[in-house]
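The values are calculated or read from the model by the stated rules, or taken from the named source; none is laboratory data. Just so we're clear, the structure is a prediction, and the values are computed from it rather than from any experiment. When we count neighbours, we look across all protein chains shown, and the Cβ atoms used for this are built from the backbone with ideal geometry, even at glycine.
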Amino acid sequence: MLIPEYIPNDALTLEMIPPKNALWNDIALFSLTFNGYQKSGSFNRCTEVADSANPKTLSDLRSCLYFEQRRWTCLQKRPDREAMEYIHGLLDKMSEKIKNNERD
């Protein structure tokens with residue numbers, strides 16, 4: 001499997017964000033276009049962002065998705081229904097940020 005190329009927030013388009021009916025593998029690959037650990041500054045900081053109740057910025061949303069991908073990969077499982085609802089919510093919020101040109 002090829003690792004996707006990094007996509008900075010300012011280059012991200014709506015078409016790049018997986019749709020609601022996307023398979024987990026496609027979402028997981030998209031999550032790897034952003035390094036949440038690096039952007040957050042550390043594993044611990046990324047964990048704090050991922051555990052926050054309301055990620056506010058596009059970078060925070062992408063960090064949360066990156067963290068979820070890492071979590072489920074480490075568990076060697078696919079996300080359950082509840083996790084997929086959360087993940088789809090992250091993708092929806094990312095789309096809103098792009099539509100509103102909020103690319104922090």
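Values as computed for the structure displayed
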{"item": "Residue count for segment 30-47, restricted to those that are of a type outside the set (Ser, Thr, Tyr) and either under 18 Å from residue 93 (Cβ atoms) or in contact (Cβ under 8 Å) with a residue 40 or more places away in the chain (or both)", "result": "5"}
{"item": "Qualifying positions in segment 79-88 - loosely packed, with under 13 Cβ neighbours inside 10 Å and either outside any helix (DSSP H, G or I) or under 10 Å from the mean Cα position of the chain (by Cα) (or both)", "result": "80"}
{"item": "Set 45, 70: member being surrounded by fewer than 20 Cβ atoms within 10 Å (Cβ to Cβ), within 12 Å of the chain's Cα centre (by Cα) and of a type in the set (Lys, Arg)", "result": "70"}
{"item": "Pair list, Cβ under 8 Å, 6 or more apart: segment 59-73 residue without any contact (Cβ under 8 Å) to a residue 12 or more places away in the chain and under 14 Å from residue 89 (Cβ atoms), other residue small (Gly, Ala, Ser) and assigned to a helix (DSSP H, G or I)", "result": "none"}
{"item": "In segment 10-23, the residues that are surrounded by 13 or more Cβ atoms within 10 Å (Cβ to Cβ) and modelled with pLDDT under 95", "result": "22"}
{"item": "Residue check, residue 97 at pLDDT below 90, surrounded by 12 or more Cβ atoms within 10 Å (Cβ to Cβ) and outside any loop (DSSP other than H, G, I, E, B)", "result": "no"}
{"item": "Candidates 27, 3, filtered to the one that is in contact (Cβ under 8 Å) with a residue 24 or more places away in the chain, β-branched (Val, Ile, Thr) and farther than 20 Å from residue 80 by Cα", "result": "3"}
